[in-house]
Amino acid sequence: MKRFSFWLLPDKEIQAVYQPIIDLWSRKLKTPNFEPHITITTNAMLKGEEKSVMQVVGSVIKNLQPIPIEFSEVSVSTTWAQCVFARVKPNYELLLANQYIKSAAGHPDPSMYTPHMSLVYGNLDLKQRLEIAENITLPLTKFVARKICIVPADVRNPKTWKHLAEFELKKKAIIRV
């Protein structure tokens with residue numbers, strides 16, 4: 001069995017706004033470089049054969065609409081993957097995507113979902129993480145994500161994280177009254 005991670009991808013022009021931030025800190029710190037994305041799931045619990053995961057997720061994604069993303073702050077944690085990150089304000093569409101995909105994969109994730117876009121990966125000391133976070137200003141704090149992709153998550157090496165599949169979020173918004 002393989003493990004997979006599910007990401008929201010900003011449009012290419014939006015990715016181009018965030019990629020220089022990731023590139024800069026990756027070069028300065030000699031840490032892994034990666035593409036800007038918002039993780040929908042924590043990847044450790046999503047297992048299965050590639051083809052079946054794609055079919056199940058594809059059927060679920062057709063029920064999702066584009067997802068508004070709004071960053072609240074640049075923050076840090078004590079984990080490698082959330083060394084320095086932009087915190088995403090939770091919203092209905094984002095939390096629904098998280099729940100749908102975890103349920104469809106058949107492996108509920110017991111951890112709390114913290115919507116975010118990582119800016120630096122690594123095992124830096126806390127003081128350094130905080131200093132970096134203080135020096136990052138996001139040039140854009142809102143956008144709409146229209147694409148979900150699946151990447152392999154067996155290895156903690158961003159160079160191996162190739163898009164196995166991409167799904168467009170096209171469903172029309174349901175007007176809630």
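The values are calculated or read from the model by the stated rules, or taken from the named source; none is laboratory data. This is a predicted model, so every value here is computed, not measured. As a convention, Cβ positions derive from the backbone with ideal geometry for all residues, glycine included, and neighbour counts pool all protein chains shown. Surface areas here come from the heavy atoms of the whole protein model, side chains and all, with no ligands, DNA or RNA. Shrake-Rupley method; radii C 1.70, N 1.55, O 1.52, S 1.80 Å.
Taking the Cα centre of the chain as origin, sum charge times position over the Cβ atoms of Lys and Arg (+1) and Asp and Glu (-1), and report the length of that vector in debye to the nearest 20.
So the magnitude is around 300 debye.
Please compute the per residue accessible area over the chain with all protein chains in place, 1.4 Å probe, rounded to a whole number of Å².
Value for the chain: 53 Å² per residue.
In Å and from the alpha-carbon atoms only, list the Rg and Dmax of the chain.
15.8, 50
What is the gain in length, in nm to one decimal, between Ser72 and Leu24 on full extension, counting 0.36 nm per residue of separation less the C-alpha to C-alpha distance?
Working: separation 48, 0.36 × 48 = 17.28 nm, distance 2.15 nm.
Length difference between fully extended and current span is 15.1 nm.
Determine, for each peptide in 112-120, 151-159, the mean count of other beta carbons within 10 angstrom over its residues, then list the peptides with the highest first.
112-120, 151-159
For the chain, which whole percent of the accessible surface, found with a 1.4 angstrom probe, sits on carbon and sulfur atoms?
Carbon and sulfur: 55 percent of the exposed surface of the chain.
As a check on your grasp of the helix formula, calculate [θ] at 222 nm for the chain: sum -39500 (n - 2.57) over DSSP H runs of n ≥ 4, divide by the residue count, round to the nearest 500.
One gets -9500 deg cm²/dmol as the mean residue ellipticity at 222 nm.
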